[in-house]
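A.B. asks: Quick one: structure below, then a few questions.
Please treat every number below as a calculation from the coordinates, not as lab data. Please read all numbers here as calculations on a predicted model, not as lab measurements.
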Amino acid sequence: MHQPLPLDGFTVGVTAARRAEELGALLARRGATVQHAPALRIVPLSDDRELLTATERLIEQAPDVVIATTAIGFR
């Protein structure tokens, strides 16, 4: 019988550009469904309508869990 893996049933988004394939493979070996997304980019909020639209969608249809990491930080 198949022993469940620690991340079975979880979907994980990998936004890192550096070593994304390696991180994705590690997560997949532990059972996660991995989604790769473009690396983050820094733009002034007033100039980024796409970010505002995506943020509004997340507020309307909130995910169960969000983990955000950044070396720069955000407010």
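A.B. asks: Spelling out what I want: for every residue of the range 14-22, take phi, set θ = phi - 60°, compute 6.51 cos²θ - 1.76 cosθ + 1.60 (Karplus), and round to whole Hz; glycine and proline get x.
C.D. replies: Per residue, the Karplus-derived 3J(HN,Hα) values read 10, 9, 5, 7, 6, 6, 4, 5, 5 Hz.
A.B. asks: Right, another one. Give the long-range amide H neighbours of VAL34: residues separated by 5 or more places, or on another chain, with amide H under 5 Å away, using H modelled in the peptide plane at 1.01 Å from N.
C.D. replies: Amide H neighbours of VAL34, under 5 Å, 5+ apart: VAL12.
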